[in-house]
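Here is the structure we will look at, set down as structure tokens.
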Amino acid sequence: MSNTHQLRYSLFIIGGVILGIISLWAGRFLPGTAGEVLARIFHILTTPIILEASFGILGIVIVMTLAHYNEKNADEWVEMDFPDEKKDG
């Protein structure tokens, strides 16, 4: 995978996270129950301790997702060949 391809994927993921946070913030202004629920979720996620933990967990999920995707779509398959061990008898 080329560097520009990796950069595009990372910018896409970061943009998606930013868009999600902005959507939660904007959703607070919706009328009714939907606005109340989105406001509560936004306030919980932006609580100081939970904010760091949620971004840390989100980072781990992003890294694991990209690793899984790249593993499934890899061009190479590596196998280790072990020589036959002779038993001393």
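The values are calculated or read from the model by the stated rules, or taken from the named source; none is laboratory data. As the structure is a computational prediction, the values presented were derived from the model and not from experiment. Heavy atoms of the whole protein, side chains included, go into the accessibility calculation; ligands, DNA and RNA do not. Shrake-Rupley method; radii C 1.70, N 1.55, O 1.52, S 1.80 Å.
For this structure, a couple of remarks:
- Treating each Cα of the chain as one equal point scatterer and applying the Debye formula with no solvent, the log10 of I(q)/I(0) at q = 0.11, 0.19, 0.24 Å⁻¹ comes out as -0.53, -0.98, -1.19.
- Value at 222 nm in deg cm²/dmol, rounded to 500, when DSSP H runs of n ≥ 4 in the chain each add -39,500 (n - 2.57): -24500 deg cm²/dmol
- The C-alpha atoms of the chain define a longest principal axis, and helix 3-27 lies at about 30 degrees to it.
- In degrees, nearest ten, helix 33-45 long axis to first principal axis of the chain (Cα): 60
- The chain - accessible surface per residue (Å², probe 1.4 Å): 90
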